[in-house]
Every structure is written in C-alpha cells, then in structure tokens.
Amino acid sequence: MAKKVLNIITTVILVLLIALLIFMFYARASGHTVSFFGFSFFRVSSASMEPTLMTGDIILVQKTSVTNIHKNDIVSYRGDEGEMDGKVVTHRVITEPENDNGTWFLQTQGDADGTVPDPKITSDQLVGKYLVTIPLLGYLYSFFLTPVGLVTIVSIILILFGYEMISLLVSYKSIDKLGVELEEELRASEVEKAKREMNQKGISKENEESGLSD
C-alpha cells in the first residue's frame, strides 16, 4: 500500500515538473501568454507596482469583461505603443471605466512612487483581472531560469523518471513470476485431475472384473 502511494506521489511530482519545464521554455522562447481555461500566469518584470507586486512575482490573472472592472482593481493589458507595444502590463485602475460612443476605456497607473498615469487603454487590450500572487513560485521560476536551476530540474526529472522505470520493471517481473507460478499450479492441478480419473477408471475396471467372476 505504501509503495503504491509513493508511486502515485512520484508520478504527480514528475508530471508537475515536466509541465513547469514546458511552461518555462514556452514562456521564455515565445513571449506568449500561457493560459488555461481563461486563467493566465505572468511574471512581474518591473518595480512599477511595488510594494503591491514585487519584481519576480508570479501572478494569476483571469480573463473577464471590462464591465466587471472597477476602480482600484488591478488588471493586465497589452500595450500598443512605444516600448510597451505588444508587452503585457499589470497596473491598477485609478478611475471607473469610461464608455465613449460604445468603446470602453480604462485609466491605469502603477502603485510605485513616481509613476504617472498610463495612456488610456481600450477593452480590446484587456487581458484580464489580477486575482492573486502565487507564493514562492516566483523564486522557483527565477531559480530554474538559471543554468544551475535548469540542471537541477532536469536532474530531478531524470531521477524520478528512472525510479518510475525501475518500479515498472519490478512490477513486470513480479507479474511474470506470478504468471509462472499460476501456470505451474494449473499444470499440477491438471496432473492431479488426470491421476484421479485414472484411479477411478482402474477401480471401475476392477469392479467389472469382479462382477464377471461372480
């Protein structure tokens, strides 16, 4: 029982580590948003929202309509001009959303001292609403992006994978051994059955001969 639980835990950890590795490479290589069922993860890359959001934090953002956004909410959006063109920005909404002839606009600004209001954004630029900062994940993510961290996570994956392969091999041998034992038991049972049948035939033949002699 304990071995089965250990195997399950090992498998779960292995899957999570592989998923984290894929997430890191995809996010770093493509610069695209990693999204699952309307939820996206982002890594804070500047100090513009400190102390609310610290540089290196991993945040969870949920896709939503602009009509669900209100003053003081924190949102992520895609910049469309200057050096922020195409990049994801996470700032606080400082006024209620404005509707100008059917087009919604949001006014955002960073929390850090010295920041100025951003250019107004439209609802088309909105990525989603900030939900929560995931504790410790930012540190792990930053560590795994280093050469040492990458070697560490790959080593862990290889060790866990090796453990899983050994466990499968041991299980296969155990099943094979059990199969051999069952086959031997079946063969012995058939031999015993044949002996009983032969004995019964011998007894019947003796009884017939005894009847004839009488």
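Count, please, the residues in region 1-32 that happen to be closer than 30 Å to Val170 by Cβ and either modelled with pLDDT of 70 or more or in a helix (DSSP H, G or I) (or both).
Taking region 1-32 first, the residues closer than 30 Å to Val170 by Cβ are 1-22.
Narrowing further to those that are either modelled with pLDDT of 70 or more or in a helix (DSSP H, G or I) (or both): 2-22.
Looking only at that region, the number is 21.
Only one of Ser65, Ser40 is within 30 Å of Asp100 (Cβ to Cβ), modelled with pLDDT of 70 or more and in contact with a Ser or Thr (Cβ under 6 Å, 6 or more places away or on another chain). Can you tell me which? Even if it seems obvious, please write down each step before you answer.
Details: Ser65 fails: in contact with a Ser or Thr (Cβ under 6 Å, 6 or more places away or on another chain).
Answer to the check: Ser40.
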Task: Residue in region 134-148 that is modelled with pLDDT of 80 or more, among the hydrophobic types (A, V, I, L, M, F, W, C), under 26 Å from the mean Cα position of the chain (by Cα) and within 30 Å of Thr64 (Cβ to Cβ) present - done: yes
- [ ] Can you tell me which residue within region 119-138, out of those that are of a type in the set (A, V, I, L, M, F, W, C) and part of a strand (DSSP E or B), is surrounded by the fewest Cβ atoms within 10 Å (Cβ to Cβ)?
- [x] Val132
Open item on the list: Can you tell me which of (1) over 15 Å from the mean Cα position of the chain (by Cα); (2) modelled with pLDDT under 90; (3) farther than 18 Å from Leu150 by Cα is the one Ala47 doesn't meet?
Closed with: (2)
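Only strands (runs of 3 or more DSSP E) wholly contained in region 33-115 count here; list those with 2 or more residues that are in contact (Cβ under 8 Å) with a residue 24 or more places away in the chain. Before the answer, list the steps.
Working: elements: 34-36, 39-43, 58-62, 74-78, 88-93, 98-100, 103-106.
Result: 39-43, 58-62, 74-78, 88-93, 103-106.
The values are calculated or read from the model by the stated rules, or taken from the named source; none is laboratory data. The shown structure was predicted, so the numbers you read here are calculated from the model rather than taken from an experiment. Note: ideal-geometry Cβ built from the backbone for every residue, glycine included; neighbour counts use all protein chains shown.
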